[in-house]
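The values are calculated or read from the model by the stated rules, or taken from the named source; none is laboratory data. No experiment lies behind these values; they were computed from the predicted model shown. Reconstructed Cβ throughout: ideal geometry from the backbone, glycine too, with neighbour counts over all protein chains shown. SASA here: full protein model, heavy atoms, side chains in, ligands and nucleic acids out. Shrake-Rupley method; radii C 1.70, N 1.55, O 1.52, S 1.80 Å.
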Amino acid sequence: MSLATFVDLTFTGLVVGSIYGLFALGYTLVYGVLRLINFAHSEVFMWGSFAAVWVMLLFNARPDMALPAAIGLLLVALVAAMLVSGGIALVLERVAYRRLREKNAPPLVALISAIGASFVLAELMGLRDRIAGWLGLDGVLAEFVSQARENAPFVNPLPSVPLFEVAGYTVRSTQLIVLVAALLMMVALDQFVRRSRLGRGVRAVSQDPEAAALMGVNKDRVIQLTFLLGGLMAGAAALLYVMHIPVTRFNVGFVLGIKAFTAAVLGGIGNIRGALLGGLVLGLAENYGSNLFGASWKDVVSFVLLVVVLLFRPTGLLGESLGKARA
């Protein structure tokens, strides 16, 4: 393996891994507070990716737009993706989980509800072409709801231009934006949970719900905040994903959701910094493995790594729970 190839695999792995880590925050936050694996989080991500695509379609995005307009449009897409994903996450908590929580349903029931909600959200997006026919939509409106089961392209108004070289490998602007933006958002969330009043409430409920309630912490609001934060991060990850791989579809969250869950478990599920570490490790392992064994072994390497980590360190690489985080 040449030095240029190694740098290529490393940088690309870090870019993909940062998206995994940002995506994994939703799994980590919900598990840290509720001890629930929210498998429908993958569809929260998917809806955010479509929101980004719709913004570009609405504003007729083009790759040759002026730089200020392109940046502004990407910011609009970021806000739209985060709002849509955050809204879907809140609806998910209200419809799929809250009633079960109030009835003290067994964890298995909540897990089944999560799987069912995942299929519902995916198929709702997959049936958009049928919905267009039922509503008699045509023209631009039909484009928003058609081609549901085909790849929906994302038009990036910010062209990917070469910035600098490292050992013969050219780093492009889109890669650097994705990596830096993901890291900044993960750091911002980590500091919010560790230092803000709302974050202290999240940590308190995660550590001891009964004691937190006695201290005046509203558990239901904390749970809503947890789902909202996870949804917002999933929406941001969705925009970064379509910037890196400019296409999405109704089932895009399935494999990516498993990868993000793997990242959360690798780092220590319930640990925000663990999600970041797990995502980066997973991204690097995938890239190195695909180079050594072939692209078809990429997913195999990821899950073998997960099994090895769980065998020797079941709590993940960091292992610290959300409730034990300290400012």
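Could you list all residues from segment 149-168 that are open to solvent by 60 Å² or more (accessible area, probe 1.4 Å) and without any contact (Cβ under 8 Å) to a residue 60 or more places away in the chain? Matches in segment 149-168: 161, 162, 163, 164, 165.
Taking the conditions (1) of a type outside the set (A, V, I, L, M, F, W, C); (2) loosely packed, with under 15 Cβ neighbours inside 10 Å; (3) over 19 Å from the mean Cα position of the chain (by Cα) in turn, residue 101 satisfies each one other than (2). For residue 110, the conditions (1) open to solvent by less than 30 Å² (accessible area, probe 1.4 Å); (2) farther than 30 Å from residue 31 by Cβ; (3) in contact with a Leu (Cβ under 9 Å, 6 or more places away or on another chain); (4) at pLDDT below 90 all hold with the exception of (2). Would you confirm, using the coordinates I've provided, whether residue 77 is touching a residue at least 24 places away in the same chain (Cβ under 8 Å) and in contact with a Leu (Cβ under 6 Å, 6 or more places away or on another chain)? So residue 77 fits the description; yes.
Restricting attention to segment 175-192, the residues that are closer than 15 Å to residue 71 by Cα and crowded, with 21+ Cβ neighbours inside 10 Å total 1. Answer yes if at least one residue in segment 38-54 is touching a residue at least 60 places away in the same chain (Cβ under 8 Å) and surrounded by fewer than 20 Cβ atoms within 10 Å (Cβ to Cβ), and no otherwise. Yes: segment 38-54 contains one or more residues that are touching a residue at least 60 places away in the same chain (Cβ under 8 Å) and surrounded by fewer than 20 Cβ atoms within 10 Å (Cβ to Cβ). Selection of segment 73-98 for residues being buried (at least 18 other Cβ atoms within 10 Å of the Cβ) and aliphatic (A, V, I, L, M) yields 73, 74, 77, 78, 80, 81, 82, 84, 88, 89, 92, 96. Taking every residue in segment 169-195 that is over 12 Å from residue 240 (Cβ atoms) and pairing it with any residue that is assigned to a helix (DSSP H, G or I) and among the aromatic types (Phe, Trp, Tyr), at least 6 positions away or on another chain, the pairs with Cβ-Cβ distances below 9 Å are 169/6; 169/11; 171/11.
Here's the yes/no breakdown for (1) under 24 Å from residue 154 (Cβ atoms); (2) over 14 Å from the mean Cα position of the chain (by Cα); (3) open to solvent by less than 50 Å² (accessible area, probe 1.4 Å); (4) free of Cβ contacts under 8 Å to residues at least 12 places away in the same chain:
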{"residue": "215", "(1), (2), (3), (4)": "no, yes, no, yes"}
{"residue": "222", "(1), (2), (3), (4)": "no, yes, yes, no"}
{"residue": "227", "(1), (2), (3), (4)": "no, no, yes, no"}
{"residue": "233", "(1), (2), (3), (4)": "yes, no, yes, no"}
{"residue": "242", "(1), (2), (3), (4)": "yes, no, yes, no"}
{"residue": "250", "(1), (2), (3), (4)": "yes, yes, yes, no"}
{"residue": "264", "(1), (2), (3), (4)": "no, no, yes, no"}
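Apart from one condition, residue 70 fits all of (1) assigned to a helix (DSSP H, G or I); (2) modelled with pLDDT under 90; (3) open to solvent by 10 Å² or more (accessible area, probe 1.4 Å); (4) aliphatic (A, V, I, L, M); the exception is (3).
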